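K.L.:
After the structure tokens below, expect a handful of questions from me.
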Amino acid sequence: MQDDTTKDAAAKGDLIRGRFDEGLDEVMAQINASIGFDRRMAMQDIDNSVAHVTMLSEQGIVSAEDAASIKQGLEAIRIEITAGEFVYSVELEDIHMNIEARLGELIGPAAGRLHTARSRNDQVATSFRLWVRDAHDRASQLVERLIGVLLEQAGAHTESIMPGYTHLQSAQPVSFGHHLMAYVEMFGRDRGRLRDSRDRMNESPLGAAALAGTSFPIDRERTAELLGFARPMHNSLDAVSDRDFALEYLSAASLCMTHLSRLADEIVLWMSPQYRFVELSDAWTTGSSIMPQKRNPDAAELIRGKTGRVHGALVGLLTVMKALPLTFSKDMQEDKETTFDAADTLELCLKAMIGMIGDLRVRTAALRAAAGSGHATATDLADWLTRELGMPFREAHHITGRLVRLADERDRDLAELSLEQMREIDARITADVFTVLGVEDSVTSRRSLGGTSPKRVAEEVAAWRERLGK
């Protein structure tokens, strides 16, 4: 065990204040400390230290006996933290100093050898990078789960017809499955961005020390290997100052939250009495304190609202980093708190959307009724005039517009006009026109790649299931 003097110094946060005679002002201690949030990197910091001391021992920089004692002490601390028994000290500033101080209490002076050939700069950069790498993995898994439940719903509704919209106005009929598959594509890109970002960030800063490397004969390839990194970073200045990995994660998270928010907004619209396209069970809705009839899509609304938190985290860290010279400045302590919050928010919102999409009951009759309104097959009529009567499309577009106006004047949909009424506009129109005016005919005819025909949608569902190994 360490002596009382060493213990007292550690307790006062003196591990790094050898040249200072006086303690910190209370407010300085408060603004300087990060233990309130960076304790979340405790496991990554322990992994970081285990890898570092393993390499030090293998290189003969630290004795095998001291290395074994350090690793044993670190694992004991891991158990304490997991059990909720670890006592955190604000005076020790951060999780790294807290763990090192506790290690000294457990094993004595040998603990002081752990920091050989390492600085808090590369230690923090490595631990944070490990944490963000784990966040990439968690988000990727959740995105894949979300894609999976979207595929289930899309596969069940390849032939369920709904209005497709532009400007939130009824435009052309599509299948509900096709609509959901648009979100599969969005979240598929999110999955790709997370994977791409993870691959790029998977480099180890450990061994860069404060900023210039170290004179000790360390093996950075070995610590990179032990921590699961693909390689060490090749510039010590960049290694300790880079936060691109956090920015890329926040960028991918922001885009994913944007997609979640768009889907959430659709659920809010679809559940309204004016739409009544879908229903959610009691598990995903709330009531009103005064209006007993209400069933509110609060989870969807909260996803929509929480999107701003993740966007804000990205903008905040971009702002922190925009004017920092090489290498480390204390400003960079602001990289973690908002990144942690953004990761929590993204993961919670993904779990909520997975639950809602799995719970969604689609009211196909309401979808079908809405799909036929607003002259949704007008484009099919224009296409028919072009294809069957050989008209230039602009002429066909003009004639169709006149037919739409006629239908409006008679308070009817296009398909409800008689052949005689249509021929008042253009005598060349034949009875065959009615083969394209039904919404089922319209949807089935859209067989081009990426189109809404049930056959195409089913093919896309199958292709995505194969891609995901489902």
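K.L.:
Any residue at all in region 80-95 that is assigned to a helix (DSSP H, G or I), in contact (Cβ under 8 Å) with a residue 40 or more places away in the chain, of a type in the set (D, E) and closer than 30 Å to A253 by Cα?
P.N.:
Looking for residues that are assigned to a helix (DSSP H, G or I), in contact (Cβ under 8 Å) with a residue 40 or more places away in the chain, of a type in the set (D, E) and closer than 30 Å to A253 by Cα, one finds none in region 80-95, hence no.
K.L.:
Mind checking which residues of region 113-129 are open to solvent by 10 Å² or more (accessible area, probe 1.4 Å), more than 14 Å from D242 (Cβ to Cβ) and in a helix (DSSP H, G or I)?
P.N.:
Listed by number, the residues that qualify are R113, R120.
K.L.:
Tell me whether region 284-304 contains one or more residues that are within 24 Å of V124 (Cα to Cα) and under 23 Å from the mean Cα position of the chain (by Cα).
P.N.:
Checked against the condition, which is being within 24 Å of V124 (Cα to Cα) and under 23 Å from the mean Cα position of the chain (by Cα), region 284-304 yields no hits at all.
K.L.:
Output the helices (runs of 4 or more DSSP H) that fall wholly within region 313-428 and possess 3 or more residues being small (G, A, S), or say none.
P.N.:
Qualifying helices (runs of 4 or more DSSP H): 336-359, 364-371, 393-409.
K.L.:
So, one more: Just wondering, is there one or more residues in region 263-282 that are of a type in the set (S, T, N, Q) and surrounded by 14 or more Cβ atoms within 10 Å (Cβ to Cβ)?
P.N.:
no
K.L.:
Out of curiosity, is Q30 polar (S, T, N, Q), open to solvent by 70 Å² or more (accessible area, probe 1.4 Å) and part of a helix (DSSP H, G or I)?
P.N.:
The answer is yes for Q30.
Matching residues to (1) open to solvent by 20 Å² or more (accessible area, probe 1.4 Å); (2) aromatic (F, W, Y); (3) modelled with pLDDT under 95; (4) closer than 29 Å to T386 by Cα:
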| residue | (1), (2), (3), (4) |
| --- | --- |
| F434 | yes, yes, yes, yes |
| S442 | no, no, yes, yes |
| S445 | yes, no, yes, yes |
| G451 | no, no, no, yes |
| P454 | yes, no, no, yes |
| V457 | no, no, no, yes |
| V461 | no, no, no, no |
| L468 | yes, no, yes, no |
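K.L.:
Here are some conditions: (1) over 27 Å from L346 (Cα atoms); (2) under 32 Å from the mean Cα position of the chain (by Cα); (3) surrounded by 16 or more Cβ atoms within 10 Å (Cβ to Cβ). S69 meets all but one. Which one does it not meet?
P.N.:
Evaluating S69 over (1) over 27 Å from L346 (Cα atoms); (2) under 32 Å from the mean Cα position of the chain (by Cα); (3) surrounded by 16 or more Cβ atoms within 10 Å (Cβ to Cβ) leaves (2) as the failure.
K.L.:
Then there is this: Return the only residue of I46, I77, I107, I147 being open to solvent by less than 10 Å² (accessible area, probe 1.4 Å), more than 29 Å from V310 (Cβ to Cβ), part of a helix (DSSP H, G or I) and not acidic (D, E).
P.N.:
The conditions single out I77.
Residue-wise test of (1) aromatic (F, W, Y); (2) at pLDDT 90 or above; (3) touching a helix residue (DSSP H, G or I) at 6+ places or on another chain (Cβ under 6 Å).
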| site | (1), (2), (3) |
| --- | --- |
| S373 | no, no, no |
| L385 | no, yes, yes |
| E388 | no, yes, no |
| P392 | no, yes, no |
| H398 | no, yes, no |
| V404 | no, yes, yes |
| D408 | no, yes, no |
| A415 | no, no, no |
| A431 | no, yes, yes |
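K.L.:
A follow-up question, please. Considering every residue within region 158-169, establish whether at least one is open to solvent by 10 Å² or more (accessible area, probe 1.4 Å), in a helix (DSSP H, G or I) and free of Cβ contacts under 8 Å to residues at least 40 places away in the same chain.
P.N.:
Looking for residues that are open to solvent by 10 Å² or more (accessible area, probe 1.4 Å), in a helix (DSSP H, G or I) and free of Cβ contacts under 8 Å to residues at least 40 places away in the same chain, one finds none in region 158-169, hence no.
K.L.:
Here's something else I'd like to know. Could you tell me how many of the residues in region 295-318 are open to solvent by 60 Å² or more (accessible area, probe 1.4 Å) and at pLDDT below 95?
P.N.:
1
K.L.:
Open to solvent by 10 Å² or more (accessible area, probe 1.4 Å) and either without any contact (Cβ under 8 Å) to a residue 12 or more places away in the chain or in contact with a strand residue (DSSP E or B) (Cβ under 8 Å, 6 or more places away or on another chain) (or both), is that true of M321?
P.N.:
No.
K.L.:
Can you confirm whether region 227-246 contains a residue that is crowded, with 18+ Cβ neighbours inside 10 Å, hydroxyl-bearing (S, T, Y) and assigned to a helix (DSSP H, G or I)?
P.N.:
For region 227-246, residues crowded, with 18+ Cβ neighbours inside 10 Å, hydroxyl-bearing (S, T, Y) and assigned to a helix (DSSP H, G or I): present.
K.L.:
Under 8 Å between Cβ atoms, at least 6 apart or on separate chains: pull out the pairs that start in region 367-392 with a residue that is buried (at least 22 other Cβ atoms within 10 Å of the Cβ) and end on any residue that is part of a loop (DSSP other than H, G, I, E, B) and basic (K, R).
P.N.:
none
K.L.:
Among the residues of region 449-470, write down those that are more than 18 Å from I147 (Cβ to Cβ) and assigned to a loop (DSSP other than H, G, I, E, B).
P.N.:
Across region 449-470, the qualifying residues are L449, G451, T452, S453.
K.L.:
Could I ask something else about it? Identify, please: which residue in region 198-219 is open to solvent by 50 Å² or more (accessible area, probe 1.4 Å) and part of a helix (DSSP H, G or I) and is, among those, nearest to A253 (Cα to Cα)?
P.N.:
R198
K.L.:
Shifting gears a bit: Name the residues in region 8-27 that are surrounded by 11 or more Cβ atoms within 10 Å (Cβ to Cβ) and either at pLDDT 85 or above or of a type in the set (G, A, S) (or both), would you?
P.N.:
Scanning region 8-27 gives A9, A10, A11, G13, G23.
The values are calculated or read from the model by the stated rules, or taken from the named source; none is laboratory data. Note that the structure is predicted; figures quoted are calculated from it, not measured. Here the Cβ is made from the backbone with ideal geometry for all residues, glycine too, and neighbour counts use every protein chain on show. The protein model used for the area step is the full one, side chains on, heavy atoms only, and it has no ligands, DNA or RNA in it. Shrake-Rupley method; radii C 1.70, N 1.55, O 1.52, S 1.80 Å.
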